[in-house]
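Below: the structure, in structure tokens.
The values are calculated or read from the model by the stated rules, or taken from the named source; none is laboratory data. No experiment lies behind these values; they were computed from the predicted model shown. Here the Cβ positions follow ideal geometry from the backbone for every residue, glycine too, while neighbour counts run over all protein chains shown.
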Amino acid sequence: LNNKNLKSLVVGANCIVPLINGTSTYYINFDNAATTPPFLAVMDKLNKFAPWYSSIHRGTGYKSKLSTDMYNLCRTMVANFVKADLNKDEVLFVKNTTEGINKLSYLLKEDKSSEARDTVLCTFMEHHSNDLPWRNKFNVVYIEVDEYGKLSMDDLEDKLKKYKGRIKLVAVSGASNVTGYINPFHRIASLAHENGAKILVDGAQLIPHVPFTMKPHHSSSHIDFLAFSAHKMYAPFGCGALIGPKDFFSNNISEQVGGGTIKIVTPEEIAWADSPDNQEAGTPNLMGALALCASIDVLTSVGMDTIYKHEDTLKKYALSKLLNIEDVQIYCKKDDYENTVSIIPFNIKGLYHEDVAKALSNYWGIGVRSGCFCAHPYVEKLLNVPQNEIEHMMRHPDNPKNGIVRISFGLYNSFKEIDIFINAIKYIVKNKEKFKTISE
Ligand code: PMP
């Protein structure tokens, strides 16, 4: 694989940004876990299809029929990409992972087929989008992580036993957006199924980086539900997918209802449509679905195995350099880097996370993310924040002091960019005073 070829796949790979000293430089994007730049092929596809798009399921004109066919084709493409069970699973298009998980939480709450089950097993490493939607609807029980942030399978098994017969769902991230740990979701699926529970994989950080299969329904390690976002996989904002059993989606009324969700309506009665229509209220987002599929085309032709290996090499290269810099503290156990996506969480001793992130942007044009990454309990645990400090923070929630710096690679990042970043970190470590902006 050639970095130059990969760079040419994305839009904006050669943008020049201003620096604080009045000069400018090429932008280096090491914040791909938040959002990836779109592929050129994705933007091309949207432009080419733009003259032809029209409303879905709502017209008899040629363009309307073409748009409807394209939209349906997109469902099949997405299902194939994650190897969903085409006979039994449905792909719903949603706005993003957050909307997908909120929808699922509502449907599971309403679902009459397992009413006795009132508990969702969540993990301590979840993004808020796979934690908060469950909180106001279920008894949420958290599976512990160890001091390095890795999921405890022992605790998972203990909690499955302890709450036997009560667990409706095990909700687990495919890969953590903080430490990058890839969870053993197929094994977790088998354990959940033995207990009569279902599993949801939050695929936001996994699907763009790792080859993935939901597996057929007859397999004990089949994944029941999967959610992910297009904007983290080289398509623009506004589209994501929630995949799960057709029957389940058909049998439950959506949290949003309206145009497109019904077969027939009288002033007194409603005959609901089957899935997917009953779950997608309002005019569907065809351009979002098309963009996601154009991106899937590129990912498939590069090859998910190749992408995983390439990003893994980038990550190991950056790690080998970072580990040699005094005062750089990396969160995540050294031997476990094998089993992570291309995310590295770190801090520089003696500097606040925000100062490091600002310095990288202001002086070197490197975009990273810093803070708690919408996973506050997990980051506080990694940082070992004492309880009294957490309580203080709850009373003063604008405190920027606890947090981590995160770099996350995409398939187009290069070794050269990592070298620039490493030199920047070395400089910052040597000149800490220069970069301190937050008072003690
Ligand atoms: N889950 C994880 C693991 C994530 O990293 C993110 C995005 N940071 C989300 C869920 C939410 O994704 P979105 O904002 O696209 O809904």
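Tally time: how many residues in region 1-46 are of a type in the set (Ser, Thr, Tyr), in a loop (DSSP other than H, G, I, E, B) and out of contact with any helix residue (DSSP H, G or I) (no Cβ under 9 Å at 6 or more places or on another chain)? So the count comes out to 2.
Since Lys430 meets every condition but one in (1) within 25 Å of Pro208 (Cβ to Cβ); (2) more than 30 Å from the chain's Cα centre (by Cα); (3) not polar (S, T, N, Q), which condition does it not meet? Status for Lys430: all satisfied but (1). Residues that are within 19 Å of the chain's Cα centre (by Cα) and exposed (fewer than 15 other Cβ atoms within 10 Å of the Cβ) within region 298-308 comprise Thr300, Asp305, listed in sequence order.
Per the listing Asn362, Asn285, the residue uniquely at pLDDT 95 or above, buried (at least 17 other Cβ atoms within 10 Å of the Cβ) and not hydrophobic (A, V, I, L, M, F, W, C) is Asn285. I'm checking my understanding of the structure. Among residues of region 47-64 that are in a helix (DSSP H, G or I) and surrounded by 14 or more Cβ atoms within 10 Å (Cβ to Cβ), which one is farthest from the chain's Cα centre (by Cα)? Looking at residues that are in a helix (DSSP H, G or I) and surrounded by 14 or more Cβ atoms within 10 Å (Cβ to Cβ), I get Ser64.
Yes/no per residue for (1) farther than 30 Å from Gly59 by Cα; (2) crowded, with 22+ Cβ neighbours inside 10 Å:
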residue	(1), (2)
Glu157	yes, no
Ser176	yes, yes
Tyr181	yes, yes
Ala204	yes, yes
Ile207	yes, yes
Val210	yes, no
Gly260	no, no
Trp272	no, no
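Residues of region 75-115 that are of a type in the set (A, V, I, L, M), more than 16 Å from the ligand (Cβ to nearest atom) and outside any strand (DSSP E or B): Met77, Ala79, Ala84, Leu86, Leu107, Leu108.
Only residues that are among the polar types (S, T, N, Q) and touching a residue at least 60 places away in the same chain (Cβ under 8 Å) were counted across region 416-440, and they come to 1.
Condition test on Ser67, is it within 16 Å of the ligand (Cβ to nearest atom), more than 30 Å from Gly367 (Cβ to Cβ) and buried (at least 17 other Cβ atoms within 10 Å of the Cβ)? So Ser67 does not fit the description; no. Report the residue count in region 303-317 for those that are of a type in the set (Gly, Ala, Ser) and more than 17 Å from Asn5 (Cα to Cα). Total satisfying the criteria: 0. Pairs meeting the criteria (first residue in region 191-216 and aromatic (Phe, Trp, Tyr), second residue away from the ligand (no atom under 16 Å from the Cβ), beta carbons under 9 Å, at least 6 apart or on different chains) are Phe212/Phe81; Phe212/Lys83; Phe212/Met304. The set of residues in region 349-379 being in contact with a helix residue (DSSP H, G or I) (Cβ under 6 Å, 6 or more places away or on another chain) and under 24 Å from Val145 (Cβ atoms) consists of Val368, Ser370, Cys372, Cys374. Among all residues of region 337-353, there is at least one that is in the same structural domain as Ile428 (by TED's automatic domain parsing), more than 30 Å from Ser24 (Cβ to Cβ), within 16 Å of the ligand (Cβ to nearest atom) and part of a loop (DSSP other than H, G, I, E, B).
The single condition among (1) away from the ligand (no atom under 16 Å from the Cβ); (2) at pLDDT 90 or above; (3) buried (at least 17 other Cβ atoms within 10 Å of the Cβ); (4) not in a helix (DSSP H, G or I) that Asn402 does not meet is (2). With respect to His396, is the statement that it is without any contact (Cβ under 8 Å) to a residue 60 or more places away in the chain, more than 24 Å from the chain's Cα centre (by Cα) and either more than 19 Å from Gly174 (Cβ to Cβ) or within 15 Å of the ligand (Cβ to nearest atom) (or both) true? So His396 passes the test. For region 131-147, state whether one or more residues are out of contact with any Gly (no Cβ under 9 Å at 6 or more places or on another chain), closer than 25 Å to Val94 by Cα, of a type in the set (Ser, Thr, Tyr) and surrounded by fewer than 23 Cβ atoms within 10 Å (Cβ to Cβ). The answer is no; no qualifying residue exists. Among residues of region 86-99 that are under 17 Å from Ser129 (Cβ atoms) and assigned by TED's automatic domain parsing to the domain that holds Asp202, those with a beta-carbon under 6 Å from a residue that is near the ligand (Cβ under 9 Å from one of its atoms) and in a strand (DSSP E or B) at least six positions away or on a different chain give the pairs Val94/Gly240; Asn96/Ser229; Asn96/Gly240; Thr97/Ala227; Thr97/Phe228; Thr97/Ser229; Thr97/Gly240.
Starting from residues that are under 17 Å from Asn195 (Cβ atoms) and within 16 Å of the ligand (Cβ to nearest atom), keep the ones in region 120-130 and report whichever is surrounded by the most Cβ atoms within 10 Å (Cβ to Cβ). Once the filter is applied, the top-ranked residue is Val120.
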